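Okay, structure first, notes after.
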Amino acid sequence: MSPLHITKGATSHSAYNLRPTFSEIEERHTLAVMVENEPGVLARVIGLFSGRGYNIESLTVAEVDHTGHLSRITIVTTGTPQVIEQIKAQLGRIVVVHEVHDLTVEGPSVERELAMLKVVGSGDKRVEALRLADIFRANVVDTTLNSFVFEITGAPDKIDAFAELMRPLGLKEVARTGVAALLRGA
């Protein structure tokens, strides 16, 4: 038998099988979870993720229905299709959860995030930071003689790109809100 021959039942983690199967490919999903707005709910939802070793890339929470006391938790996570399905099923079993929507699967959605970036620099670096902020439509919300605080809103990849360009210009600190997302259309 040649060393490249894969026998039936061989594990996908074999050194000879370097291509991931469909079920091993990790996907990024944005989940919108409607929950009762009461103490401990966020801890229960987060506990589900941490207890099973799932990662949360972004998390936003806010009350969206004051009269019904409902909050919306928007979670961006990654996992194989089976892991994502398991997360959705487990979230749906939590008593205080009213709805779980996978915006990635349900249709086109709009994702936005707000970030503030502090950039410290002088001379040409200061001028270049202002020029790039103008290109990215970032607003200056604070300025001193040697620093700026920029506010930028957009898709997460836009914010990532802006931060990467600011890094060599003196990026010192970043604060991000996390993703807010809604399905498009009716």
Does at least one position in the range 103-119 carry a residue that is modelled with pLDDT of 95 or more and more than 30 Å from Glu63 (Cβ to Cβ)?
yes
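Residue-by-condition table, conditions (1) in a strand (DSSP E or B); (2) under 27 Å from Arg184 (Cα atoms):
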site	(1), (2)
Leu31	yes, yes
Pro39	no, no
Gly51	no, no
Val61	yes, yes
Leu91	no, yes
Consider Thr153 carefully, then state whether it is surrounded by fewer than 17 Cβ atoms within 10 Å (Cβ to Cβ) and in contact (Cβ under 8 Å) with a residue 24 or more places away in the chain.
yes
Quick one: Val100 ticks every box in (1) in contact with a strand residue (DSSP E or B) (Cβ under 6 Å, 6 or more places away or on another chain); (2) not charged (D, E, K, R); (3) not assigned by TED's automatic domain parsing to the domain that holds Glu26 bar one, so which box is it?
(3)
Exactly one of (1) within 22 Å of Asn55 (Cβ to Cβ); (2) in the same structural domain as Tyr54 (by TED's automatic domain parsing) is unmet by Ala175. Its number?
(2)
Is it fair to say Glu128 is among the acidic types (Asp, Glu) and either more than 28 Å from Leu59 (Cα to Cα) or touching a His at 6+ places or on another chain (Cβ under 9 Å) (or both)?
yes
Please specify each residue of the range 41-76 satisfying the condition of being more than 19 Å from the chain's Cα centre (by Cα) and of a type in the set (D, E, K, R).
Arg44, Glu63, Asp65
Among Leu165, Leu145, which is touching a helix residue (DSSP H, G or I) at 6+ places or on another chain (Cβ under 7 Å) and not in a strand (DSSP E or B)?
Leu165
Which condition number does Lys158 fail, the rest of (1) of a type in the set (Lys, Arg); (2) farther than 30 Å from Leu31 by Cα; (3) surrounded by 14 or more Cβ atoms within 10 Å (Cβ to Cβ) being met?
(2)
Residues in the range 115-125: is at least one over 30 Å from Gly40 (Cβ atoms), in contact (Cβ under 8 Å) with a residue 12 or more places away in the chain, touching a helix residue (DSSP H, G or I) at 6+ places or on another chain (Cβ under 8 Å) and surrounded by fewer than 18 Cβ atoms within 10 Å (Cβ to Cβ)?
yes
Examine the range 76-88 for a residue that is of a type in the set (A, V, I, L, M), within 11 Å of Leu31 (Cβ to Cβ) and in contact with an Asp or Glu (Cβ under 6 Å, 6 or more places away or on another chain), and state whether such a residue exists.
yes
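The values are calculated or read from the model by the stated rules, or taken from the named source; none is laboratory data. Computed from a prediction, not measured in an experiment: that's the story for all the values here. Cβ coordinates were reconstructed from backbone atoms using ideal geometry, including for glycine residues, and neighbour counts include every protein chain displayed.
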